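Encoded as structure tokens, the structure appears first; notes follow it.
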Amino acid sequence: MGREKIQEGFPLLGNDDAEILILGTFPGEESLEKGEYYANSTNRFWKVILTLLGEKAEPFDYEVKKEILKKNKIALWDIYEKVDRDGSTDKNIKQKKSKFNDVFSWLKTHTSVKIVAFNGGKSKNSSTFKKFRKFEAEYSEQIKYAEKQGVKFKKYLPSTSGANAKSKLSDLILAWGDILKK
């Protein structure tokens, strides 16, 4: 049995004029160590997004990547603010001492957001799907309210994680392309 390990996530990355909010579950250990969203070299998030935005191939400095997102009115955050977790994987997140970010308070004050997309959880058997479903259940009324305000939830896009080996990069680009059609 592992010992309790509370990890703090990152603040929201984005400008006040964001039109798209992409929510992950929680940063992996490599991302936490580097202080960067999607820092693991096997994660294809940056390749997918930069390709869809018509940017040249990586590698980009993290500051450049952040500016590209902000310029394109895309914000990044995670559903969890902090987690009790051993290791890096979503399946190791223990719910009892983990805490969700207050996404819906942020959405109320950032009415320019029209799309909220979830990175991962397409497979109904995945631990990410289960974490997003718990988030959805806890905030079902807020989701309904946001939808009435015109926010579209693109739930459960295929994960860009390297653990999602069954999705080729081209498949991810195709599936994720929909969120950029505002």
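The values are calculated or read from the model by the stated rules, or taken from the named source; none is laboratory data. From a predicted model like this one, the values you see are computed outputs, not experimental measurements. Note that we place each Cβ from the backbone using ideal geometry, even for glycine, and neighbour counts take in every protein chain shown. Areas reflect the complete protein model, heavy atoms only, side chains present, ligands, DNA and RNA absent. Shrake-Rupley method; radii C 1.70, N 1.55, O 1.52, S 1.80 Å.
A few remarks follow.
- Carbon + sulfur, % of accessible area of the range 24-182 - ligands and nucleic acids excluded, 1.4 Å: 50
- Kirkwood hydrodynamic radius (C-alpha pairs) into Stokes-Einstein, the range 38-182, 25 °C and 0.890 mPa s, D in µm²/s: 150
- Average Cα contact separation per residue, the chain, under 8 Å, 6 or more apart, as relative contact order %: 29
- Projected label points at Lys71 and Asn15, each 7 Å from Cα along the beta carbon direction, are separated by 1.1 nanometres.
- Semi-axes of the equivalent ellipsoid of the range 1-69 are 25, 15, 10 Å, computed as sqrt(5λ) over the eigenvalues of the C-alpha gyration tensor in descending order.
- Less than 5 angstrom separates the built amide H of Phe100 from those of Glu81, all sequence-distant by 5 or more or on a different chain.
- Residues whose amide H falls under 5 Å from that of Asp78, counting only those 5 or more places apart or on a different chain, are Gly24, with hydrogens built in the peptide plane.
- Burial ranking of peptide ranges 166-172, 151-157 (average Cβ count within 10 Å, highest at the top): 151-157, 166-172
- If both residues of a DSSP beta bridge must be in the chain, then about 40% of such bridges are antiparallel.
- Across the options Leu32, Val64, Thr111, the greatest Cα extent toward the positive end of the charge dipole of the chain (unit charges at beta carbon of Lys, Arg, Asp, Glu) belongs to Thr111.
- Cα shape, the range 33-113, gyration tensor, a/c 1.5 rule: oblate
- The residues of the range 29-182 expose on average 54 square angstrom of accessible surface per residue, using a 1.4 Å probe on protein heavy atoms.
- From phi via Karplus (6.51, -1.76, 1.60), per-residue ³J(HN,Hα) for the range 163-178 in Hz, x at Gly/Pro: 5, 8, 5, 6, 8, 6, 4, 4, 5, 5, 4, 5, 5, 7, x, 4
- The gain in end-to-end length when the Ser112 to Asn92 segment is fully stretched comes to 3.8 nm, 0.36 nm per residue minus the alpha carbon separation.
- Projected label distance in nm at Lys56 and Asp102, using a 7 Å step from Cα toward the beta-carbon: 4.3
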